[in-house]
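The values are calculated or read from the model by the stated rules, or taken from the named source; none is laboratory data. In this text, all values refer to a predicted model and were calculated from it rather than measured experimentally. Cβ sites come from the backbone with ideal geometry, for glycine too, and all protein chains shown count toward neighbours. We work out accessible area using only protein heavy atoms, side chains counted, and drop any ligands, DNA or RNA first. Shrake-Rupley method; radii C 1.70, N 1.55, O 1.52, S 1.80 Å.
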Amino acid sequence: DIKYMQKLVKIAYDGARFFHPSYSLFSRTDVWDPGVVQNANIITEKHLDGERVLMTDTLFYHWINGCWFYNHGKTRASLYWADYSGYHDSGDPKLDGLHQLYGDGRVEWIKALRFNVHGLPQANASVCKVNGYDTEAAFCVKPDVAKNGQ
């Protein structure tokens, strides 16, 4: 929904001077506060590394309304904003998959079947969880799980 996304960008920029991207960037985790990341050893620190995740399509959970934000759903994308007239996914995310960019420039498509979405937003052994404010978290898939499945 292009018109809605244009409105979303304008609202976010006018209100807080930020852009709400549809991807998550993970870098310099070596300077992040302790406890922000679960399974931090799989995402980028100071130097790029082909075994660490740098960026993913968004898989983002907003705890206030219990809904997900992602691009590649089994039937459509999901957005958590309450006034969004499209799909609001709650419960286990009905995700088809996501792209992950690694420090060596490689991008991989990871089908949701390869990792455990059951029980998210609680962290599990197949994902890295990055906590935002008290009401949100972003996720990426551990590289060994992306290659070999759960």
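For the reader, a short list of remarks on this structure follows.
- Among the residues making up region 75-92, a single one is at pLDDT 85 or above, among the polar types (S, T, N, Q) and assigned to a loop (DSSP other than H, G, I, E, B): T75.
- Of all residues in region 66-80, none satisfies being more than 22 Å from Q38 (Cα to Cα), among the small types (G, A, S) and touching a residue at least 40 places away in the same chain (Cβ under 8 Å).
- Cross-chain or 6+ apart pairs with Cβ under 8 Å, region 106-123 first and acidic (D, E), then buried (at least 17 other Cβ atoms within 10 Å of the Cβ) and not in a strand (DSSP E or B): E108/A146
- Single condition M55 does not satisfy, out of (1) under 12 Å from the mean Cα position of the chain (by Cα); (2) outside any strand (DSSP E or B); (3) among the aliphatic types (A, V, I, L, M): (2)
- When region 111-139 is limited to residues that are assigned to a strand (DSSP E or B) and out of contact with any Lys or Arg (no Cβ under 9 Å at 6 or more places or on another chain), the one that is most open to solvent (accessible area, probe 1.4 Å) turns out to be K111.
- Residue match in region 94-109 (condition: assigned to a loop (DSSP other than H, G, I, E, B), of a type in the set (S, T, Y) and surrounded by 12 or more Cβ atoms within 10 Å (Cβ to Cβ)): no
- The residue of region 33-52 that is least open to solvent (accessible area, probe 1.4 Å), among those that are at pLDDT below 90 and part of a strand (DSSP E or B), is V37.
- When L25 is tested against (1) open to solvent by less than 60 Å² (accessible area, probe 1.4 Å); (2) at pLDDT 80 or above; (3) aliphatic (A, V, I, L, M), exactly one condition is not met: (1).
- Test: residue in region 123-130 that is under 30 Å from H47 (Cα atoms) and touching a Pro at 6+ places or on another chain (Cβ under 6 Å): no
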